[in-house]
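Read-outs: derived from the displayed coordinates by stated rules, not from any lab. From a predicted model like this one, the values you see are computed outputs, not experimental measurements. Cβ coordinates were reconstructed from backbone atoms using ideal geometry, including for glycine residues, and neighbour counts include every protein chain displayed.
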Amino acid sequence: MEFAHTGLNLAQELDAQDELASFRDEFVISEPNLIYLDGNSLGRLPRRTADLLRRVVEAEWGERLIRSWNEGWIHAPTELGARLAPLIGAQSDEVLVTEATSVNLFKLAVAALQARPGRRKIVSDVFNFPSDLYILQGVIDLLGCRHWLELIPSIDSITISPQSIEAAIDDETALVCLTHVAFKSAFMYDMERVTQLAHEAGALMLWDLSHSVGVVPLELNLCDADLAVGCTYKYLNSGPGAPAFLFVRRDLQAQLLQPIWGWFAASAPFAFELDFDPAPDISRFRVGSIPMLSMRAVEPALEIILQAGVERLRKKSIMQTEYLIYLADEWLLPLGFSLGSPRQVALRGSHISLRHPEGYRITRALIESPPPAVKVIPDFRAPDNIRLGVTPLYTTFTEIHQALDRMRIIVQDNLYEQYSEDWLAVT
Ligand SMILES: *Cc1c(COP(=O)(O)O)cnc(C)c1O
């Protein structure tokens, strides 16, 4: 993609031509001078969610009390799963909204390994989110240390080569468990190809969609994926700690059994039988009571994404990340930054990592500089990645321009030197 010049007026023209621009008004934007580039960690609050939650607390909980469970709460995991299904290319009875991503990954990983009893290898990669790797390590421990975890390496710390993937997956592999878009570099796998490799080797394929759902079109069924999990508080804007989702291909549901046999995984939770009999369908992947207040924030947020359309969001995200890279090439690479994400559009998701040896202090300067400087919130991932999350629902081209201009000034004028290298609890 070509951009004519680095002037602010080009960014403003691109905003004026943007057919999704009006979606920004769907969100609570309380500080107009704050440039929020962290929607890939915690999405903004939709206005309709704020209104709905007030009603949920006062009416559904306050007035209807226990009756609300029968007035829609009890089926929320399957009903929200059905709403979410089109975003990941799944059937409506293949998805549940429930628990945290880490918990769902645990449930599905154990279920998958038990379905491949003769095989002892789990394949993941060095880019995976640590929680995912810790869960897999814990699963291996729990199952008696019979399995081992092989991590596909990266030669350039930005991408994973097709040769490395092919070399790792073999006929000892029980499970291939990968995050579709890597949290640091934004490297994106070819889902169809990797799933096919797993299947040719006789392994099951589990995708973590946390960094792609809502911003990259996903086709789990077309790719023949077996299992998936993902998060709803990033590009899906469902709020801090919002319940995650899980996907199990329909024909696998009756074969797989997850290890937490809570009453909502049973075929008849309210029969109060003494022995566990798993539900025949996706509900067997449920556990216990769900956090209804957080659950209720998922639907209004999904509505906005479905209205905008993931295809259109992806198109805008590509234009915006291309624009961001163009400005970084022009302004920041000459100042000691390097690009920490793939240049090829097809190989990346919707955030861009820019690396700099002083990345942490630059991040603090972006967040903490006093007015009249614009405030920019990116996030920082060790050792040197400043992650700039582009959320096409509400990020503007003008914001990208202002944020990169601010990064340029902070480094050119050594402004980051005023900030401490001490780490804050959440970065
Ligand atoms: C954000 C994220 C998670 C989050 O897990 P939680 O259990 O919801 O905290 C897991 N995996 C990946 C790849 C993520 O990006």
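Seen against the Cα atoms of the chain and their longest principal axis, helix 101-114 is set at about 50 degrees.
Sites counted here are trypsin sites (Lys or Arg not before Pro) in a DSSP loop (not H, G, I, E or B) having no more than 12 other Cβ atoms within 10 Å; the longest part of the chain that contains none of them is 147-342.
In the chain, the longest principal axis of the Cα atoms and the axis of helix 310-327 are about 40 degrees apart. Size descriptor for segment 336-403, Kirkwood hydrodynamic radius: 12.8 Å (Cα pairs only, one decimal). Axis of helix 359-368 versus longest Cα principal axis of the chain: the two differ by about 80°, to the nearest ten degrees. Considering only Cα atoms, the convex hull volume of segment 1-58 works out to 129 Å³ per residue. With the convex hull constructed from alpha-carbon coordinates only, segment 279-332 shows a mean projected area of 7.0 nm² over all directions. Rg over Rh for segment 1-114 works out to 1.10, using Cα positions for both radii and the Kirkwood form for Rh.
In what sequence, highest mean first, do 391-399, 204-212 appear when ranked by Cβ atoms within 10 angstrom?
On the way: 391-399: 22.6, 204-212: 26.9.
Listed from highest to lowest mean packing, they are 204-212, 391-399.
Given +1 at the Cβ of Lys and Arg, -1 at the Cβ of Asp and Glu and no other charges, the dipole of the chain around its Cα centre is 460 debye to the nearest 20.
Take the alpha carbon atoms of segment 1-33, find their center, do the same for segment 344-423, and report the distance between the two centers in whole angstrom. Spelled out, the Cα-based centre of one part sits 18 Å from the other.
In this structure, the amide hydrogen of ALA266, modeled 1.01 Å from its nitrogen in the peptide plane, lies closer than 5 angstrom to those of ALA279, counting only residues at least 5 positions away or on a different chain. With springs connecting C-alpha atoms under 10 Å apart, model the chain as a Gaussian network and identify which of GLY118, GLY81, GLY389 has the largest mean-square fluctuation. Comparing GLY118, GLY81, GLY389 in the GNM, the peak value goes to GLY118. For segment 29-87, the alpha-carbon radius of gyration amounts to 1.52 times the rule-of-thumb value 2.2 N^0.38 Å expected for a compact globular protein.
With neighbour counts taken as other beta-carbon atoms within 10 Å, the residues CYS223, CYS145, CYS231 rank, fewest first, as CYS145, CYS223, CYS231.
Could you compute Rg(Cα) / (2.2 N^0.38 Å) for segment 272-427, with N its residue count?
Details: Rg = 20.8 Å, N = 156, 2.2 N^0.38 = 15.0 Å.
Against the compact-globule rule of thumb, the ratio is 1.39.
Derived scalar couplings between HN and Hα for segment 187-200 equal 4, 10, 6, 7, 4, 5, 5, 5, 4, 4, 4, 4, 5, 4 Hz in order, rounded to whole Hz, by the Karplus curve 6.51 cos²θ - 1.76 cosθ + 1.60 (θ = phi - 60°), x for Gly and Pro. Taking max minus min of the alpha-carbon positions on each principal axis, the chain gives extents of 69, 58, 40 Å, largest first.
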